Amino acid sequence: MHDLAIDRTNQRLIKALTCLMFLMFAMTSDAVGSVIPEIIAEFRLTLTAASAFHYVPMGAIAVGALLLGFLADRLGRKPTIILGLALYGVACGLFANGHRFGFFVALLGFSGVGVSVFKIGALALVGDISRSGAEHTATMNLLEGFFGVGSIVGPAVVAGLLSRGLSWKWLYLLAAGICAVLVLVATLVHYPQPRRDMGRSQDLGTTLHMLGDPFALGFSALIGLYVAVEVAIYVWMPTLLLAYRGSHGWLATYALTIFFVLRASGRFLGAWVLGRYSWTPVLAAFGLAILACFAGTFWGGVDAAVFLLPLSGLFMSTLYPTLNSKGISCFPKSQHGAIAGVILFFTAAAAALGPLAMAAVSDTFGGARYGFVLATGFALLLAVGLVINWLANPTAARLACVDQAEYAPAARGVSPPAGATARSIPAR
C-alpha cells in the first residue's frame with residue numbers, strides 16, 4: 001500500500017529530483033572529452049595517462065555498483081541517494097583545492113563510488129513509483145533523456161569556461177553546487193516505502209547471487225555490448241574524423257554534438273514509441289540500424305562516417321534505458337537495488353574497457369579506423385542478440401509474473417501478500 005501512497009505533487013518532485021541527478025552526472029562524465037585536452041597541456045601528459053580521467057571513474061562506478069548495490073535494498077532508497085550524492089558532491093567540491101593530476105584522479109575515483117551509490121538508489125526508486133512495467137520503461141527513457149541533455153550541457157559549459165579564460169575545474173564546482181541543492185531536496189522529499197521480502201536479508205551475497213541468474217547476465221551482456229558501441233562514438237569518433245577532407249567540414253566539426261542531440265531527443269521520444277509498439281521488435285530494428293551505420297563506416301571509410309556515426313545516436317537513444325528497465329523489471333522491487341548494481345557494473349566496465357580495447361587495436365594496426373572495425377564487431381553481436389531476443393522472447397513469462405506480483409496489487413490499492421513475488425517468479 002505504501003508504494004503509491006504519495007500525492008501527485010510529491011511524485012512529480014521525486015521524478016524531477018531523479019532527472020536532475022542523471023543530468024548532473026552526465027555533465028561531468030560526458031564532458032571528459034573536452035577536459036582531457038586541457039589536462040594534457042596543463043600537466044604535459046601522454047594520451048594514455050590522460051585517459052585516466054575516463055577509465056578511473058568508470059572503474060570506480062563498476063566496483064561500487066557490484067559491492068554496494070545492495071545498499072538501496074537494505075538501507076532504503078532515500079538514505080542511499082543522500083549518501084551517494086554527498087560522496088559525489090564532496091569529491092567535486094575538492095577540485096577547488098587541487099593542483100596535481102594524481103589528486104584529481106583520486107577525486108574522480110571517489111566521485112565514481114558516489115555515483116554508483118546514488119544512481120542505484122535512483123534506479124531502485126523508479127520501481128517504487130511505477131504502476132506497471134510499461135510505466136517503469138517509460139520513466140527510464142525519460143531519465144536517460146535528461147542524461148542526454150547533461151551530455152550536451154557539460155561540454156558546452158567547458159567550452160564557455162575556456163573561452164572566458166576560466167579553469168575547467170569550475171565544471172566540477174558547478175556540479176558540487178547542484179549536488180548540494182539535490183541533497184537538500186532529497187532530505188525534504190517523502191519517499192514511498194519499498195516492500196521487503198520477509199526473512200530475506202539484503203547484502204553483498206544477494207548481488208553476487210544474481211550473477212548466476214540467466215536474465216541478469218543476459219541483459220547485462222546486451223547492455224555491455226551497447227555501451228561499448230556508444231562509447232566508441234563519443235571517445236574516438238572525433239579522432240577518426242580528423243582524417244576527413246571532404247566538402248562537409250562543418251559536419252565533422254559538430255558531429256559529436258549532433259550525436260548527443262539525436263541521442264537525447266530520441267530518448268524523449270522513446271517513451272512514445274514504446275507506448276505503441278512492443279519493445280522487442282523496436283530494439284531489434286534499432287540494433288540493426290546501428291549495425292548498418294557502423295558497417296557503412298567500415299565500407300565507406302571516413303567519408304561515410306561523418307554522416308553515419310552521428311546518425312547512429314538516434315537509434316541508440318532507446319536501447320540503454322529500455323534494456324536497463326526490462327532487466328531490473330525481471331526482479332522483485334525488494335531486489336531492484338541489487339540488480340541495478342549488477343547491470344551498472346557491466347555498464348561501467350564496458351565504458352572503461354571498450355575504448356581501451358579500441359585504442360589497443362588502433363595502435364597495433366596504425367589508425368583509428370581499425371578501432372572502429374572492432375566496434376563494428378560489437379555492433380554485430382548486439383544486433384544478433386536483440387534479434388534473438390525479439391524472435392525467442394525469453395523474458396515474456398518472467399516479466400509477466402513480476403508485473404502481476406509487484407504492480408497489479410499496488411494498482412488496486414492493496415499490498416501484495418508477503419512472499420508473493422518469490423513464489424511467482426519461475427525458478428531458473
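Look at region 267-291 and say how many of its residues are assigned to a helix (DSSP H, G or I), touching a helix residue (DSSP H, G or I) at 6+ places or on another chain (Cβ under 8 Å) and either without any contact (Cβ under 8 Å) to a residue 12 or more places away in the chain or of a type outside the set (A, V, I, L, M) (or both).
So the count comes out to 8.
For region 25-44: of the residues being farther than 16 Å from residue 260 by Cβ, in a helix (DSSP H, G or I) and out of contact with any Phe, Trp or Tyr (no Cβ under 7 Å at 6 or more places or on another chain), which is modelled with the lowest pLDDT?
Here the residue is 37.
Scan region 361-401 residue by residue and report those that are more than 24 Å from the chain's Cα centre (by Cα), among the hydroxyl-bearing types (Ser, Thr, Tyr) and surrounded by 17 or more Cβ atoms within 10 Å (Cβ to Cβ).
Matches in region 361-401: 362 only.
Looking at region 45-102, which of its residues are outside any helix (DSSP H, G or I) and of a type outside the set (Lys, Arg)?
45, 46, 51, 69, 70, 75, 76, 98, 99, listed by residue number.
Here are some residues: 97, 141. Which one is under 30 Å from residue 48 (Cα atoms) and among the polar types (S, T, N, Q)?
Going through 97, 141 in turn, just one is under 30 Å from residue 48 (Cα atoms) and among the polar types (S, T, N, Q): 97.
When region 265-285 is examined, which residues are found to be closer than 16 Å to residue 140 by Cα and of a type in the set (D, E, K, R)?
267
Run down 356, 319 and say which single residue is under 30 Å from residue 242 (Cα atoms), under 13 Å from the mean Cα position of the chain (by Cα) and not small (Gly, Ala, Ser).
319
Report the residue count in region 251-293 for those that are of a type in the set (Phe, Trp, Tyr), in contact with a Pro (Cβ under 9 Å, 6 or more places away or on another chain) and either surrounded by fewer than 20 Cβ atoms within 10 Å (Cβ to Cβ) or at pLDDT 95 or above (or both).
1
I'd like to verify a number: residues in region 9-37 that are surrounded by fewer than 17 Cβ atoms within 10 Å (Cβ to Cβ) and farther than 24 Å from residue 123 by Cα, how many?
Of the residues in region 9-37, 1 are surrounded by fewer than 17 Cβ atoms within 10 Å (Cβ to Cβ) and farther than 24 Å from residue 123 by Cα.
Cβ contacts < 9 Å: first residue under 17 Å from residue 213 (Cα atoms), restricted to region 385-399; second residue in a helix (DSSP H, G or I) and among the aromatic types (Phe, Trp, Tyr), any location; separation 6+ or different chain. Result?
Short answer, once both residue conditions are applied: 394/215; 395/215; 395/219; 398/215.
Give the number of residues within region 68-114 that are of a type in the set (S, T, N, Q), without any contact (Cβ under 8 Å) to a residue 40 or more places away in the chain and farther than 17 Å from residue 180 by Cβ.
0
Conditions: (1) crowded, with 24+ Cβ neighbours inside 10 Å; (2) among the basic types (Lys, Arg); (3) out of contact with any Pro (no Cβ under 8 Å at 6 or more places or on another chain). Residue 131 meets all but one. Number of the miss?
(1)
Looking at the structure I just gave you, is residue 231 in contact with a His (Cβ under 8 Å, 6 or more places away or on another chain), of a type outside the set (D, E, K, R) and either assigned to a helix (DSSP H, G or I) or surrounded by 23 or more Cβ atoms within 10 Å (Cβ to Cβ) (or both)?
So residue 231 does not fit the description; no.
The values are calculated or read from the model by the stated rules, or taken from the named source; none is laboratory data. Nothing here was measured: the structure is a model prediction, and the numbers come from that model. When we count neighbours, we look across all protein chains shown, and the Cβ atoms used for this are built from the backbone with ideal geometry, even at glycine.
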